[in-house]
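Report on one structure; see the data block that follows.
Nothing in this text is a laboratory measurement; each read-out follows from the coordinates by a stated rule. What you see is a predicted model, and the numbers here were worked out from it, not measured in a lab. Heads up, the Cβs are rebuilt from the backbone with ideal geometry, glycines too, and the neighbour counts pull from every protein chain shown.
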């Protein structure tokens, strides 16, 4: 059996003192029942519960105050996610020269890289990005990790801005699968089902074979295509355009989702499904501190408003107020007293 702490002892003592006070108050009220409640000597039915409400309210307020006094001070720090629930966002960014072609956006007047930056900025604004460590892998004819598990969003925004990452690679043919291979290597040590893999590319050059196997840490895959999927632009002696069919097949092979981001951002419903963090309900997140605050609020409010309610609605008897019926013809006129007979007076 667990011994009661001083919080429970203080609560029991407050309830005992309040109960004794209610007994004494009830004895005094019984003597003045006719003056307080009229001829029936009884208050309103709900008012008979007021002694129990007062005792319970005093006990609740006392328990809440004693609990807050016993708890250590709470330091308000930035919200963090436990390691078991940590979720990563791993981005594979195509930085090949074709991403510099200007045929993307709603008006087909943006470079593909700028459209990719706009899509990512929309992504950042609609999810609690502070809770997600970000990793970025640049991909051209090879792959290089640019940043791994960072929460500095200015660094990430600079990567998707005007950082000329294509100069970090020698000229050659784009190999998107090398970016997926590097991403799989980075994500392999992470918790299972904890990572969203996001690839942004124009799908200009995709090999037919060599699809890497993703580790268990990859929970979802989102492949976003940029660039005009219909009309192409010449670069390096060939026509370059977003190959939507190939990108859709890659997403299917990775058990992921393809989205044409050339004119529309990623839908909010899709982001909500892909970036959800398992959380407890609001009721399950309540701690002893929150319960103490609730007890103080409810107990204090009841003690404050109960006297007012008893005064207004504690009894239906109103001394000094008499109802008077009136005929339909108008108010009753006072009856005149006949003048006394003078003979009788004499």
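Estimated at 0.36 nm per residue, the fully extended path between residue 56 and residue 6 surpasses their Cα-Cα distance by 16.2 nm. If every alpha-carbon in region 86-274 counts as one equal scatterer, what log10 I(q)/I(0) does Debye give at q = 0.11 1/Å? Each listed q corresponds, in turn, to -0.42. A crude spin-label estimate for the pair residue 171 and residue 287, with each label 7 Å from Cα along the Cβ direction, gives 6.1 nm.
Taking 0.36 nm per residue of sequence separation and removing the Cα-Cα distance, the residue 31/residue 310 pair yields an extension gain of 98.6 nm.
Counting 0.36 nm for each residue step from residue 102 to residue 155 and taking away their Cα separation leaves a gain of 16.6 nm. For residue 148 and residue 71, the FRET efficiency from 1/(1 + (r/R0)^6), where r spans their Cβ atoms and R0 equals 41 Å, is about 0.60.
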